[in-house]
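Take a look at the structure below.
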Amino acid sequence: MPLNRLEGLTDGIFAIAMTLMVLGLPLPEAEHNINSDGDLLNHLLAYSELFWTYILSFLLLGYFWINQQRLFKYVSSTCIHHLWANLGGLLLVCVIPFSSGLIGDHINYFTASFVFHMNILLIGVFFIFQCALLLRFPDILKKDVSRKATLRIVKINLVVPSLAVTGIFIAFISPKWSLAVYLLTPFLTSVIAGRTRSLDKPASFTK
């Protein structure tokens with residue numbers, strides 16, 4: 001199968017998932033008895049946690065999408081194993097609007113946090129699986145991409161799954177604050193990318 005068809009499917013699903021999340025944000029209704037700007041502000045502040053989880057989920061999906069696009073730059077074609085690994089990840093991307101809304105409505109409950117962190121963890125695992133397949137089936141890689149470059153991708157994409165596992169443990173203490181671990185994503189990604197940049201100068205993964 002041509003790679004551009006897989007790229008189109010991936011872009012479409014990410015776009016739909018990101019759009020569905022915003023549709024879950026509540027609008028003030030007549031029964032809320034909003035009669036002034038103060039009432040409206042209080043109503044919006046009451047949903048601040050839902051807005052926070054929406055922003056975080058959107059950024060995490062953006063992070064996965066960017067890494068997916070960068071991964072495609074290393075690949076010249078696809079195979080059945082790579083297709084199924086990609087579809088498995090996309091299946092879990094479609095669940096993000098649900099898990100994001102769940103934790104937004106029940107941010108102080110461990111179960112909601114666990115579902116969200118597991119959703120993020122499994123997306124990351126499927127992404128790493130895609131990277132591992134590049135090592136298993138080097139024929140689908142571009143000719144100028146080395147094994148070291150592929151290993152570099154794997155290392156970089158261990159960041160979010162590791163943070164998701166950390167978040168699960170923190171959720172036992174504070175489900176709400178367990179989400180804060182994802183704020184470390186850009187910092188840790190930058191550190192790992194910097195330390196491994198010398199492995200693949202021609203095809204830098206951080207450009």
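The values are calculated or read from the model by the stated rules, or taken from the named source; none is laboratory data. The structure displayed is predicted, hence computed values, not measured ones. Here Cβ is always computed from backbone atoms with ideal geometry, including for glycine, and neighbour counts include all displayed protein chains.
Yes or no, residue by residue, for (1) part of a helix (DSSP H, G or I); (2) in contact with a helix residue (DSSP H, G or I) (Cβ under 6 Å, 6 or more places away or on another chain); (3) more than 23 Å from LEU83 (Cβ to Cβ); (4) not β-branched (Val, Ile, Thr):
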site	(1), (2), (3), (4)
LEU133	yes, yes, no, yes
VAL145	no, no, no, no
ALA149	yes, no, no, yes
VAL154	yes, yes, no, no
PHE169	yes, no, yes, yes
LEU183	yes, no, yes, yes
PRO186	yes, no, yes, yes
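Please specify each residue of the range 171-181 satisfying the condition of being of a type outside the set (Gly, Ala, Ser), in a helix (DSSP H, G or I) and free of Cβ contacts under 8 Å to residues at least 12 places away in the same chain.
Passing the criteria: only TRP177.
Among (1) exposed (fewer than 13 other Cβ atoms within 10 Å of the Cβ); (2) in contact with a Leu (Cβ under 7 Å, 6 or more places away or on another chain), which single condition is ILE34 missing?
(1)
Residues that are closer than 30 Å to LYS143 by Cα and β-branched (Val, Ile, Thr): find the helices (runs of 4 or more DSSP H) completely inside the range 3-83 holding 2 or more of those.
3-23
Just for the range 131-152: of the residues that are buried (at least 19 other Cβ atoms within 10 Å of the Cβ) and of a type in the set (Val, Ile, Thr), which one is farthest from ASN67 (Cα to Cα)?
Per the stated criteria, the residue is VAL145.
Just to be sure before I move on: is ASP144 among the charged types (D, E, K, R), under 30 Å from ALA46 (Cβ atoms) and modelled with pLDDT under 95 in the structure I sent?
So ASP144 does not fit the description; no.
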